[in-house]
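Notes for the one structure printed next.
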């Protein structure tokens, strides 16, 4: 079964058309990277798939594991196995990360008709996933992202992804604000959690550097709300060398 099939997706933000007929198919076991210039619609794609308010779908369809994704509420999309990682993870003062993660995991399990994790089961799972991202459990006892560095926020988000165990992870500029060590750790975490025959990843990124650690099967160039070119990992290297404009102009010729 196809994991995600986007057909001619069109979406507006504040009544302005941003996605203008985007089509993309992702199968289980695949890692796709979407690259493109600022304003191309990369983050809009992630937010639209996640169901963020204010992102109005005006045309097209999205099938996720046999379901009409656009008919589902955001929490239903999450329970169905969709995870959206943010470019700028939010801070939630007064709520410990470990409690937040347990509530999120059990809410999703309830949505799928599964039993809630006990305190002991959850802590065992949290320690395992935190270990993959080299995070101390004491960090997760602090309020959500409060006082965290950029790298710590991203690593904590990868721990969250590991605990929620999604089928499809959409990661919006996970490499933003990361130094070399944090980038490597996050890349290794993504591979450990999501590189599996029944899972898939959509990486939204500006730069090649994350793709050194998370090797994509397909690289897509997004420009003016559409995918204009698709290739393998070598396409990302070419974009790094030549820039987006040269590749986009080539496709328009």
Checklist outcome for this item: Only one of (1) in contact with a strand residue (DSSP E or B) (Cβ under 7 Å, 6 or more places away or on another chain); (2) within 14 Å of residue 33 (Cβ to Cβ); (3) surrounded by 17 or more Cβ atoms within 10 Å (Cβ to Cβ) does not apply to residue 208, and that is (1)
Checklist outcome for this item: Filter the stretch 46-58 for residues that are out of contact with any helix residue (DSSP H, G or I) (no Cβ under 6 Å at 6 or more places or on another chain) and over 14 Å from residue 201 (Cβ atoms); the one that is surrounded by the most Cβ atoms within 10 Å (Cβ to Cβ) is 48
Checklist entry - In the stretch 59-69, which residues are farther than 26 Å from residue 244 by Cβ and either buried (at least 17 other Cβ atoms within 10 Å of the Cβ) or within 13 Å of the chain's Cα centre (by Cα) (or both)? => result 63, 64, 69
Item to check | Looking only at the stretch 143-184, and only at residues there that are on the phi > 0 side of the Ramachandran plot, in contact (Cβ under 8 Å) with a residue 12 or more places away in the chain and more than 14 Å from the chain's Cα centre (by Cα), the one that is surrounded by the most Cβ atoms within 10 Å (Cβ to Cβ) | outcome: 145
Checklist outcome for this item: Note: among 69, 65, 101, 125, just one is in contact with a helix residue (DSSP H, G or I) (Cβ under 8 Å, 6 or more places away or on another chain), within 30 Å of residue 15 (Cβ to Cβ) and at pLDDT 90 or above, namely 69
Checklist entry - If you scan the stretch 211-253, which residues turn out to be over 23 Å from residue 20 (Cβ atoms), surrounded by fewer than 20 Cβ atoms within 10 Å (Cβ to Cβ) and touching a residue at least 40 places away in the same chain (Cβ under 8 Å)? => result 215, 217
Next on the checklist: Quick check on my filter: what residues within the stretch 190-205 are surrounded by fewer than 16 Cβ atoms within 10 Å (Cβ to Cβ) and touching a helix residue (DSSP H, G or I) at 6+ places or on another chain (Cβ under 8 Å)?
Outcome noted: 192
Item to check | Residues within the stretch 53-110 that are within 27 Å of residue 127 (Cβ to Cβ), free of Cβ contacts under 8 Å to residues at least 40 places away in the same chain and assigned to a loop (DSSP other than H, G, I, E, B), tallied | outcome: 0
Checklist entry - (1) modelled with pLDDT of 95 or more; (2) outside any strand (DSSP E or B); (3) surrounded by fewer than 22 Cβ atoms within 10 Å (Cβ to Cβ): which one isn't true of residue 23, the others all being true? => result (2)
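The values are calculated or read from the model by the stated rules, or taken from the named source; none is laboratory data. Since we're looking at a predicted model, the values are computed, not measured. Every residue, glycine as well, gets a Cβ built from its backbone with ideal geometry; the counts of neighbours run over all protein chains shown.
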